[in-house]
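S.K.: Here you go, one structure.
The values are calculated or read from the model by the stated rules, or taken from the named source; none is laboratory data. All figures in this text were calculated on a predicted structure; none of them were measured in a lab. Ideal geometry is used to build each Cβ from the backbone, glycine not excepted, and the neighbour counts take in all protein chains shown.
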Ligand SMILES: Nc1ncnc2c1ncn2[C@@H]1O[C@H](COP(=O)(O)OP(=O)(O)O)[C@@H](O)[C@H]1O
Ligand SMILES: [Mg+2]
């Protein structure tokens, strides 16, 4: 699905990530963890082609991102659901239209997909909030809306950056269950989080691999969590 | 990215959903509308000026008709011979397209207003007139005068209509200036739309980031901006053109359309020309916004 081979990345200063090799197999469930500023968001961006590695190779669905045009990346995004760390909505459009945005942006008829949209809104529990504007949402509502938008195209992969940031424990468990559900539907899931308690809680529901960024490298974390 | 002119049609057909992804900003919208209207208004005037000076040049040029007259003032018995001699000389003069002596009847017609219709030309020392039509590049009047002086003593070259030549040239210049102004207005319009589009694109960097995140292509993103600015320019220019044409209609029209001042305006089918201004504005805005969008999207990559 997504493959990083001896990848390094630097924003211009010293290397933030070095010699990273990670393979996300189809249907797998991964956590990516590490302290704040370790490079979790950066690594995720490398995984969805928003950043190009300064060394090494990133392959998304088998294609080298460095050989891609911007439009190729755009088309790849439609097969990957991304939950951005800051959710990222169009604040002037109601929640429902924000969730349907991947459909309209890819030229699909949003009207035809209205039933899917309704199901999805119900799944994340936002039916009542469909016409609200994003700035009016609570933290948990924002995260659920972002997750709904990430999966509306039925992507093969879901990449979620701190999907439980800014929400209370109950809400984080609810979001986690949604993500586990997606994985049970066969989707590859990668969650970046600094919250170790979330990872411990997940172990009950799903067989997850935990990748930890430490000293610019990624290690597979063991039972020490 | 595919933003050829062929897409202008698809653009007009509309995609309201795509339209909504860029938030409406009242201020740049109004500025673009205002600028387009003003530029269109000015364009209508410069077009009118160009067309009017073109008409003036044509009319004055026609009146010149590149014709001069040679009068043969000679005693009755030598008149025919000198006329013949002058005509032969003219045949070998560079820059003379044709020359012919007026017939008695034509001369009589010319004099009738003054001397009455029953004039006996034979009885009067009326000079014989030769009409000379110039070739496009004209003849050397001084040279011709000298040769006539030497060979046909009774011939007088009268090229008084030539004085208008500089005026015709001025009218041609004025027309060229009018077209140049129209072109400059179009370029200024393009520059203003580019600035407005850049401002809008920069202000919406966040919107562009979101669209990219959800898999929108550059073409899709650019089109949302291009469509908006094109329609705005079209609307503004339509308003400006309508006002400009109304102002043209309101100009007093003198019966003598030969004057520069009263001759400004459109005549006949020329009224259709300013109708092209909004279309031109739309094309300029389309191209300018497209270029601005491509540049910004490349920079934001
Ligand atoms: N666009 C950027 N330009 C320069 N430095 C950046 C940029 N984005 C992030 N960084 C730096 O890279 C480091 C890792 O950031 P990030 O990947 O967001 O970490 P995490 O998600 O693990 O908190 C931080 O020190 C951050 O300041
Ligand atoms: Mg982060």
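S.K.: Could we say that residue A:115 is over 23 Å from residue A:190 (Cβ atoms), without any contact (Cβ under 8 Å) to a residue 24 or more places away in the chain and either surrounded by fewer than 17 Cβ atoms within 10 Å (Cβ to Cβ) or away from ligand 2 (no atom under 16 Å from the Cβ) (or both) here?
M.R.: yes
S.K.: Here is a follow-up. With a cut-off of at least 2 residues that are more than 16 Å from ligand 2 (Cβ to nearest atom), name the strands (runs of 3 or more DSSP E) lying wholly within segment A:1-103.
M.R.: A:2-9, A:17-24, A:55-60, A:80-83
S.K.: Moving to a separate point now. Would you say residue B:57 is more than 14 Å from every other protein chain (Cβ to nearest Cβ), in a helix (DSSP H, G or I), under 17 Å from the mean Cα position of the chain (by Cα) and at pLDDT below 85?
M.R.: The answer is yes for residue B:57.
S.K.: If you don't mind, another one. I'm checking my understanding of the structure. Among residues of segment A:86-121 that are modelled with pLDDT under 90, in contact with a helix residue (DSSP H, G or I) (Cβ under 6 Å, 6 or more places away or on another chain) and more than 9 Å from chain B (Cβ to nearest Cβ), which one is farthest from residue A:40 (Cα to Cα)?
M.R.: Looking at residues that are modelled with pLDDT under 90, in contact with a helix residue (DSSP H, G or I) (Cβ under 6 Å, 6 or more places away or on another chain) and more than 9 Å from chain B (Cβ to nearest Cβ), I get A:113.
S.K.: Would you check which residues across segment A:54-81 are within 16 Å of ligand 1 (Cβ to nearest atom) and out of contact with any helix residue (DSSP H, G or I) (no Cβ under 6 Å at 6 or more places or on another chain) and list them?
M.R.: Matches in segment A:54-81: A:54 only.
S.K.: To continue, here is another question. Is it true that residue A:150 is surrounded by 17 or more Cβ atoms within 10 Å (Cβ to Cβ) and not assigned by TED's automatic domain parsing to the domain that holds residue A:26?
M.R.: Taking the combined requirement at face value, the residue satisfies it.
S.K.: Now, a different point. Just to be sure I understand, how many residues within segment A:170-200 are more than 16 Å from ligand 1 (Cβ to nearest atom), surrounded by 16 or more Cβ atoms within 10 Å (Cβ to Cβ) and closer than 15 Å to residue A:29 by Cα?
M.R.: 10
S.K.: Would you mind stating whether residue B:258 is over 20 Å from residue B:190 (Cα atoms), away from every other protein chain (no Cβ under 14 Å), surrounded by fewer than 22 Cβ atoms within 10 Å (Cβ to Cβ) and modelled with pLDDT under 80?
M.R.: yes
S.K.: Report the residue count in segment A:82-95 for those that are more than 16 Å from ligand 1 (Cβ to nearest atom) and closer than 23 Å to residue A:161 by Cβ.
M.R.: Selection size over segment A:82-95: 5.
S.K.: Of the residues A:37, A:107, A:125, A:49, which is surrounded by fewer than 17 Cβ atoms within 10 Å (Cβ to Cβ) and within 16 Å of ligand 1 (Cβ to nearest atom)?
M.R.: A:37
S.K.: Mind telling me which of the residues B:41, B:27 ends up being part of a helix (DSSP H, G or I) and at pLDDT 85 or above?
M.R.: B:41
S.K.: Of everything in segment A:12-30, what is within 13 Å of ligand 1 (Cβ to nearest atom) and in contact with a helix residue (DSSP H, G or I) (Cβ under 8 Å, 6 or more places away or on another chain)? Give them in sequence order.
M.R.: Correct list: A:16, A:17, A:20.
S.K.: Looking at the structure I just gave you, is residue A:166 in contact with a strand residue (DSSP E or B) (Cβ under 7 Å, 6 or more places away or on another chain) and either farther than 27 Å from residue A:7 by Cβ or touching a residue at least 12 places away in the same chain (Cβ under 8 Å) (or both)?
M.R.: So residue A:166 fails the test.
S.K.: Just one of A:167, A:151, A:210, A:206 is at negative phi, within 16 Å of ligand 1 (Cβ to nearest atom) and touching a helix residue (DSSP H, G or I) at 6+ places or on another chain (Cβ under 9 Å); which is it?
M.R.: Checking each option against the conditions leaves just A:210.
S.K.: Among the residues of segment A:181-191, is any in contact with a helix residue (DSSP H, G or I) (Cβ under 9 Å, 6 or more places away or on another chain) and within 16 Å of ligand 2 (Cβ to nearest atom)?
M.R.: yes
S.K.: Conditions first: (1) loosely packed, with under 15 Cβ neighbours inside 10 Å; (2) more than 19 Å from residue B:273 (Cβ to Cβ); (3) away from chain A (no Cβ under 14 Å). Residue B:180 passes all but one, so which condition is the exception?
M.R.: Of everything listed in (1) loosely packed, with under 15 Cβ neighbours inside 10 Å; (2) more than 19 Å from residue B:273 (Cβ to Cβ); (3) away from chain A (no Cβ under 14 Å), residue B:180 misses just condition (2).
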